[in-house]
Amino acid sequence: MQFNQYIVDAFASRPFEGNPAAVCLLDHWLPDATLAAIAAENNQSETAFVVEAPGRHELRWFTPTFEIDLCGHATLASAFVVMRFVRPSLDTVAFSTRSGVLTVRRDGDLYRMDLPSRPGTPTEVPGLLAQGLGLQPTEVLMARDCLAIVESEDDVLRCKPDFDVLARLPSLGVIVSAPGRQHDFVSRAFFPTDSLKEDAVTGSAHCTLVPYWARRLGKTRLHARQLSQRGGDLLCEDLGERVGIAGSAVLFAEGVIHLPDSVA
């Protein structure tokens with residue numbers, strides 16, 4: 001069998017910025033082992049698999065090493081592909097996912113995602129966290145990911161994580177964040193158990209970042225920047241139980257995956 005795959009730079013206005021994701025368009029679901037093998041072969045931070053069903057689209061996300069429960073940038077990339085190559089008449093697409101129904105609306109060059117809010121619970125600073133980050137957070141909140149608040153943008157930039165230490169924390173990822181000089185807040189996101197240790201731009205992390213910074217800054221609309229090597233801007237909105245995250249996307253490559261019947 002064969003099917004189309006696209007590489008899309010999400011949260012980017014030009015190639016080589018933002019966070020790349022592979023998007024595979026399937027007629028039906030393949031075995032989980034095959035999906036995982038494709039993601040490992042792609043070696044992107046995420047590979048998204050989309051199956052069009054009557055009245056909806058189903059979406060799953062895989063890192064090179066495991067299936068993840070929520071991925072913002074690959075959702076944005078999937079919406080970009082669906083509305084450009086599959087259903088160009090659509091301005092809104094709804095995805096059925098492990099995190100519920102996620103809606104993405106096209107607004108000019110932006111794609112506006114409606115994602116679940118995941119506010120963190122304040123906790124004491126774990127000793128492993130300070131050791132793993134090489135700096136002392138001023139606050140720590142725990143959700144799916146551990147959110148470490150530091151004093152300044154310079155602290156975020158100078159963080160040199162020890163991934164072996166961070167992997168011992170009871171969280172999937174570790175987010176480091178601070179007030180920004182030119183943005184409402186800045187961040188970096190680390191996933192120590194994944195093969196790609198630092199994520200370029202992490203939509204799901206902002207499901208925890210946005211409620212924190214909205215409360216701290218007293219505003220619901222926020223402009224964020226992720227300070228990875230590639231970097232990316234996110235337009236965020238605190239919607240109570242939901243989080244709005246918007247960004248642009250750029251097509252980098254498109255092609256065809258060929259699989260023998262034995263693995264499909």
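Couple of notes before you dig in:
- Hey, Phe62 touching a helix residue (DSSP H, G or I) at 6+ places or on another chain (Cβ under 9 Å) and either within 20 Å of Ala200 (Cα to Cα) or surrounded by fewer than 20 Cβ atoms within 10 Å (Cβ to Cβ) (or both) or not: yes
- Within the stretch 96-125, considering residues that are basic (Lys, Arg) and touching a residue at least 60 places away in the same chain (Cβ under 8 Å), the one surrounded by the most Cβ atoms within 10 Å (Cβ to Cβ): Arg118
- Qualifying residue in the stretch 177-185 (condition: surrounded by 16 or more Cβ atoms within 10 Å (Cβ to Cβ), of a type in the set (S, T, N, Q), at pLDDT 95 or above and more than 30 Å from Met83 (Cα to Cα)): yes
- Residues satisfying the stated conditions in the stretch 107-146, i.e. assigned to a loop (DSSP other than H, G, I, E, B), farther than 30 Å from Val93 by Cα and of a type in the set (Gly, Ala, Ser): Gly134
- Unmet criterion (only one of (1) within 14 Å of the chain's Cα centre (by Cα); (2) buried (at least 20 other Cβ atoms within 10 Å of the Cβ)) for Leu133: (1)
- Scan of the stretch 83-127 for residues that are on the phi < 0 side of the Ramachandran plot, touching a Pro at 6+ places or on another chain (Cβ under 9 Å) and at pLDDT 95 or above, ordered by number: Ser99, Leu102, Ser117, Arg118, Pro119, Gly120
- When we screen Ala214, Ala249, Ala205 for residues that are of a type in the set (A, V, I, L, M, F, W, C), within 29 Å of His28 (Cα to Cα) and surrounded by 16 or more Cβ atoms within 10 Å (Cβ to Cβ), the only hit is Ala249.
- The stretch 41-67, subset part of a strand (DSSP E or B) and hydrophobic (A, V, I, L, M, F, W, C), residue modelled with the lowest pLDDT: Ala53
- Filter pass, Phe85 being aromatic (Phe, Trp, Tyr), in contact (Cβ under 8 Å) with a residue 24 or more places away in the chain and loosely packed, with under 15 Cβ neighbours inside 10 Å: yes
- For the stretch 217-238, the tally of residues that are surrounded by fewer than 16 Cβ atoms within 10 Å (Cβ to Cβ) and either over 15 Å from Asp114 (Cα atoms) or assigned by TED's automatic domain parsing to the domain that holds Cys71 (or both) stands at 5.
- For the stretch 145-173, a residue qualifies if it is in contact (Cβ under 8 Å) with a residue 60 or more places away in the chain and in contact with a helix residue (DSSP H, G or I) (Cβ under 8 Å, 6 or more places away or on another chain), and the qualifying residues are Asp145, Leu147, Ile149.
The values are calculated or read from the model by the stated rules, or taken from the named source; none is laboratory data. Just so it is clear, the structure is predicted and the values come from calculations on it, not from any experiment. When we count neighbours, we look across all protein chains shown, and the Cβ atoms used for this are built from the backbone with ideal geometry, even at glycine.
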